[in-house]
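Visitor: Provided herewith is a single structure, encoded as structure tokens, for subsequent inquiry.
The values are calculated or read from the model by the stated rules, or taken from the named source; none is laboratory data. Just so it is clear, the model here is predicted, and its values are computed rather than measured. When we count neighbours, we look across all protein chains shown, and the Cβ atoms used for this are built from the backbone with ideal geometry, even at glycine.
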């Protein structure tokens, strides 16, 4: 019996996430009948090799979505807002990696390991959460199911991959410059990142929280379907090429055994427990890079509050934080007969 194949379009095919989407589609043997690669005019005419086939990058037009079943969009919020309704009108389902629709009450915001049922209510658009939110949710939600979480305090250590392929190149160039006693040049990121770090440079609100921090707050509440959960975050950009890290403090209404938390997370979908106290070996970005799972460890009792646990996690921002989650949503559509 031959399984049905689907016509897929990647909107933003030339970016770091676009490249990862193509790689993961192949890795997971996604049933593709046709793949269309869409990008900005400056990339039109170039070709990308996909599974031995040279595919020409095409401009984005209304006709780009003719006959397409699924659009994997990773080209930014403004592009998604411009083209999503058009793609849906052509009969496509768009899985959007931008912030454009995440807080729209009519758009499911989905982490397949956490809230797969939310996908059933889609009206043509499904939002992929922010990378930091996805990674945190995979570690926190399995505990939340056992004892509801009251409050989360998060500090993130975000690699330059979150700012795209050009930012990754910039970190390499700046590092080389500093090692050669030259002045590092910041062109993609606002400040030098080589041998440096700075607070996330997304826009600040009137309370002094940046947009990245508020994404973690608002998106987690929506995904958990728990508007009352209290969350605060501080997001930092660090000189790591790939994979984000997060220090998470979780407050429950009563004590939560460390051993129980470890047992739960050792069995949680999408999580790999790395918690070797004898070697002082815990999750690291270098170990998480290129991996599907979120690495979780250093689970310990908060000595300042008997109802709190601390944990540390690392996850590949480009994979589970973006491309992999989107493709898992597409697989979920197929599994749940929603396409």
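Visitor: Could you pull out every one of the strands (runs of 3 or more DSSP E) wholly within region 34-132 that has 2 or more residues that are closer than 17 Å to residue 14 by Cα and more than 21 Å from the chain's Cα centre (by Cα)?
Guide: 47-50, 53-58
Visitor: Let me ask something else about it. Testing residue 24 on (1) touching a strand residue (DSSP E or B) at 6+ places or on another chain (Cβ under 6 Å); (2) buried (at least 17 other Cβ atoms within 10 Å of the Cβ); (3) outside any loop (DSSP other than H, G, I, E, B), one condition comes back false. Which one is that?
Guide: (1)
Visitor: Among 303, 334, which is the only one that is more than 21 Å from residue 148 (Cβ to Cβ), surrounded by fewer than 21 Cβ atoms within 10 Å (Cβ to Cβ) and touching a residue at least 60 places away in the same chain (Cβ under 8 Å)?
Guide: One residue alone meets the criteria, 334.
Visitor: So which residues in region 310-323 are surrounded by 23 or more Cβ atoms within 10 Å (Cβ to Cβ) and not in a loop (DSSP other than H, G, I, E, B), if there are any at all?
Guide: Passing the criteria: 311, 313, 314, 315, 319, 320, 321, 322, 323.
Visitor: Please specify each residue of region 1-15 satisfying the condition of being surrounded by fewer than 22 Cβ atoms within 10 Å (Cβ to Cβ) and at pLDDT below 95.
Guide: 1, 2, 3, 4, 14
Visitor: Has region 73-85 got any residue that is closer than 20 Å to residue 337 by Cα, touching a helix residue (DSSP H, G or I) at 6+ places or on another chain (Cβ under 6 Å), touching a residue at least 40 places away in the same chain (Cβ under 8 Å) and in the same structural domain as residue 26 (by TED's automatic domain parsing)?
Guide: Scanning region 73-85 turns up no residue that is closer than 20 Å to residue 337 by Cα, touching a helix residue (DSSP H, G or I) at 6+ places or on another chain (Cβ under 6 Å), touching a residue at least 40 places away in the same chain (Cβ under 8 Å) and in the same structural domain as residue 26 (by TED's automatic domain parsing).
Visitor: Shifting gears a bit: Look through 287, 269, 261 and report the one residue that is under 27 Å from residue 116 (Cα atoms), surrounded by fewer than 17 Cβ atoms within 10 Å (Cβ to Cβ) and either in contact (Cβ under 8 Å) with a residue 60 or more places away in the chain or under 23 Å from the mean Cα position of the chain (by Cα) (or both).
Guide: 269
Visitor: Pick out the one residue from 148, 105, 129, 116 that is in contact with a helix residue (DSSP H, G or I) (Cβ under 8 Å, 6 or more places away or on another chain), surrounded by fewer than 17 Cβ atoms within 10 Å (Cβ to Cβ) and either modelled with pLDDT of 95 or more or not assigned by TED's automatic domain parsing to the domain that holds residue 17 (or both).
Guide: Going through 148, 105, 129, 116 in turn, just one is in contact with a helix residue (DSSP H, G or I) (Cβ under 8 Å, 6 or more places away or on another chain), surrounded by fewer than 17 Cβ atoms within 10 Å (Cβ to Cβ) and either modelled with pLDDT of 95 or more or not assigned by TED's automatic domain parsing to the domain that holds residue 17 (or both): 116.
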